[in-house]
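Worksheet: one structure, shown below.
None of the figures in this text is laboratory data; all of them are computed from the coordinates on show. The shown structure was predicted, so the numbers you read here are calculated from the model rather than taken from an experiment. Heads up, the Cβs are rebuilt from the backbone with ideal geometry, glycines too, and the neighbour counts pull from every protein chain shown.
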Amino acid sequence: MPLRLWRTVTDAYPIWSGEGARLYGQRWNPVGLLAIYAGTSFAISLLEVLVRANRKSPPSGTRFVEAEVPDDVSRERFDPQSGPGWDNRSDKSIAQAFGRDWITSRRSALLIVPSVVTRLDDNVVVNPDHPDAALISVGPETPVALDPRLFG
C-alpha cells in the first residue's frame, strides 16, 4: 500500500521544492541543503505549522498538498535512541548532522522521523535530489481554511 504524505505551508515558496528549508535550515537539514518536510497525516502536517505560528489570527495563504509514495521508493527510519538530543528545541545540531549525512549520501529518498510536537506521529523528510523522489506523485495545492478558535 503506498505511503500518503501531506505537506502544509504558509510561506511563498513552491510547496514541493524544499527551497524554504534550503534557505533557512530546519531540524533535519542545515542551511544550503534542500529538504521537503511532510507528515503522515494532514493533522500532523498542520500541527507542525501551527506550533511555530505564534499568532493571534490564522496565517494567510495556508495551503497543502497530498502526495503518494509508491512502495518501491527508498526510505529510512531514524531511531531516536541512536541520536540523543535530536529533539532539543534550541539546539538542532544533532538532528542536522544526521540529516546532512543522510541528504548528502543519498541513502534513501525518505527519512521517517518522529514528530517533536507529539512524539506519537511521524514526519517524513524528502530528499528531492534522490532519484526515487521523482517517483512521488504530488497532488494539487489546496487552500486551508483555519478555524479562528485555534488562535485565541
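Per-residue Karplus couplings for segment 49-56, computed as 6.51 cos²θ - 1.76 cosθ + 1.60 with θ equal to phi - 60°, are listed in order as 6, 5, 5, 9, 5, 6, 10, 9 Hz, Gly and Pro entered as x. Counted over the chain, the DSSP beta bridges are approximately 90% antiparallel. Once you reduce segment 3-30 and segment 47-124 to the center of their Cα atoms, the two points are 10 Å from each other. The packing ranking, built from the mean of other Cβ atoms within 10 Å per residue, places the peptides 111-124, 68-81, 29-42 in the order 29-42, 111-124, 68-81, highest first.
Annotation: the residues Trp102, Trp16, sorted from fewest to most other C-beta atoms within 10 Å of their own C-beta, follow the order Trp16, Trp102. Decide, for the chain, between rounded, prolate and oblate: order the square roots of the alpha carbon gyration tensor eigenvalues as a ≥ b ≥ c, take rounded if a/c falls under 1.5, and otherwise choose prolate if a/b is larger than b/c, else oblate. Oblate, because a/c is 1.5 or more while a/b does not exceed b/c.
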